[in-house]
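Notes follow once the structure below has been shown.
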Amino acid sequence: MRAAITPRYGPPSILQLIEKEAPTIGEGDVLVAVHASPVTAGDRRIRAADFPSGSVLLGRLMMGLTSPRQPVQGTMFAGRVAAVGAGVTRFAVGDDVFGSVDFGAYAEQLVVSASGAVAKMPSGSTHVDAAAIPYGAGTALHFLRDLADVQPGESVLILGASGGVGRYAVQIAKHLGAEVTAVCSQPALELVTDLGADHVIDHAAEDFTASDRCYDVIFDVADASSFRRCRDALTPSGRYLTLYISLQAIMATGWTALVGGKRAIFAISLGEQARIEALSLLLAQRVIRPTIAEHFPLEAVADAHALAETGIHGEVMVVVAGKA
């Protein structure tokens, strides 16, 4: 089968298309013929060894010192079940599925656990749309619903609202009944408004912390601020959420959990079956929708990574099989 590999850390041009042996399935496994996979921020970071400040050594120890231990990247996918292992009852050959894995989606075939972060695609969805959902929407759902427990009528401000997580955060916060303020660059103001934001702020023209308004939740998906800077812009029981690991974020999370009041929350969002099932329902209900910027065939995966690095407002998709 064809697969795209990252032989060593480097720029997009480092990616190579190779022929490799097709994977085999075991008990409880599902073999998926991959149709599409997005280029996520995580994919780009691993390819370039661009780990957050303070975690460079930890990142390389976990992922590989000079090259990724798992050279076939791609962590989100959508495709069609080609075979099932013994004991699998959730899926059957021919089912269209989507989900997330630790690696391996930039390939024509992928083995996933039937008990893992995979679900059937809702009727009427395309493989490209479904593959675009798990990363951004799954992260936003985890932080806003599960960690922040956003309630109807609360006010939510999203820093980096036009990014891969931010676009879904706008939609999910609205679904949860919040009043949403989106902070992004001026060219993306129309996009986030179309996604449902009640208010928009051009980050280059206005500092939201300088106003008198306070928010129940500030979700920083762009590493654009900190709990310390946002503290005065939170309500007495407000929650500051961040995706980005730092010593300051870890300490603030631990300290505010002990003392109560305004909270800092840092966490890592991992794929899980229940969340993918929830995303399938939200996609079926048209609560969430992806913003597809461009798609590339597998042999042009390097071009897909290069475009994704420009900060384009939308998912960049790698189409492995079929049509976009």
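Selection of the range 69-81 for residues being crowded, with 19+ Cβ neighbours inside 10 Å and not hydroxyl-bearing (Ser, Thr, Tyr) yields Pro71, Gln73, Gly74, Met76, Phe77, Ala78, Gly79, Val81.
Among the residues of the range 78-110, those identified as farther than 18 Å from Val319 by Cα and among the hydrophobic types (A, V, I, L, M, F, W, C) are Ala83, Val84, Ala86, Val88, Phe91, Ala92, Val93.
Note on the range 105-126: residues that are part of a loop (DSSP other than H, G, I, E, B), surrounded by fewer than 22 Cβ atoms within 10 Å (Cβ to Cβ) and of a type in the set (Gly, Ala, Ser) total 6. Looking across the range 290-299, the residues that are surrounded by 17 or more Cβ atoms within 10 Å (Cβ to Cβ), of a type outside the set (Val, Ile, Thr) and in contact (Cβ under 8 Å) with a residue 60 or more places away in the chain come down to Pro290, His295, Leu298. Within the range 288-324, how many residues turn out to be within 22 Å of Leu189 (Cβ to Cβ), in contact with a helix residue (DSSP H, G or I) (Cβ under 9 Å, 6 or more places away or on another chain), assigned to a loop (DSSP other than H, G, I, E, B) and not charged (D, E, K, R)? Residues that pass the stated criteria total 5. Across the range 37-53, not a single residue is classified as in contact (Cβ under 8 Å) with a residue 24 or more places away in the chain and touching a Lys or Arg at 6+ places or on another chain (Cβ under 6 Å). The single condition among (1) at pLDDT below 95; (2) among the acidic types (Asp, Glu); (3) farther than 24 Å from Ala41 by Cβ that Glu272 does not meet is (3). Here Val81 meets each of (1) more than 18 Å from the chain's Cα centre (by Cα); (2) in a strand (DSSP E or B); (3) touching a residue at least 60 places away in the same chain (Cβ under 8 Å) with one exception, condition (3). For the range 17-37, does any single residue satisfy the condition of being under 26 Å from Val221 (Cα atoms) and buried (at least 22 other Cβ atoms within 10 Å of the Cβ)? Yes, the range 17-37 contains at least one residue that is under 26 Å from Val221 (Cα atoms) and buried (at least 22 other Cβ atoms within 10 Å of the Cβ). Being on the phi > 0 side of the Ramachandran plot, of a type in the set (Gly, Ala, Ser) and in contact (Cβ under 8 Å) with a residue 60 or more places away in the chain is a description that applies to Gly87.
Yes/no matrix, rows are residues, columns are (1) surrounded by fewer than 17 Cβ atoms within 10 Å (Cβ to Cβ); (2) modelled with pLDDT under 95; (3) not assigned by TED's automatic domain parsing to the domain that holds Ala308:
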site	(1), (2), (3)
Gly238	no, no, yes
Ile245	no, yes, yes
Gln248	yes, yes, yes
Met251	yes, yes, yes
Gly260	yes, yes, yes
Ile276	no, no, yes
Leu282	no, no, yes
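Considering every residue within the range 33-56, establish whether at least one is within 22 Å of the chain's Cα centre (by Cα), of a type in the set (Ser, Thr, Tyr) and outside any loop (DSSP other than H, G, I, E, B). The answer is yes, given that some residue of the range 33-56 is within 22 Å of the chain's Cα centre (by Cα), of a type in the set (Ser, Thr, Tyr) and outside any loop (DSSP other than H, G, I, E, B).
Highlighted here are the strands (runs of 3 or more DSSP E) found entirely within the range 167-235 that include at least 3 residues which are touching a residue at least 40 places away in the same chain (Cβ under 8 Å): 215-220.
The values are calculated or read from the model by the stated rules, or taken from the named source; none is laboratory data. The structure presented is a predicted model; accordingly, all values stated were derived computationally and were not measured. Cβ sites come from the backbone with ideal geometry, for glycine too, and all protein chains shown count toward neighbours.
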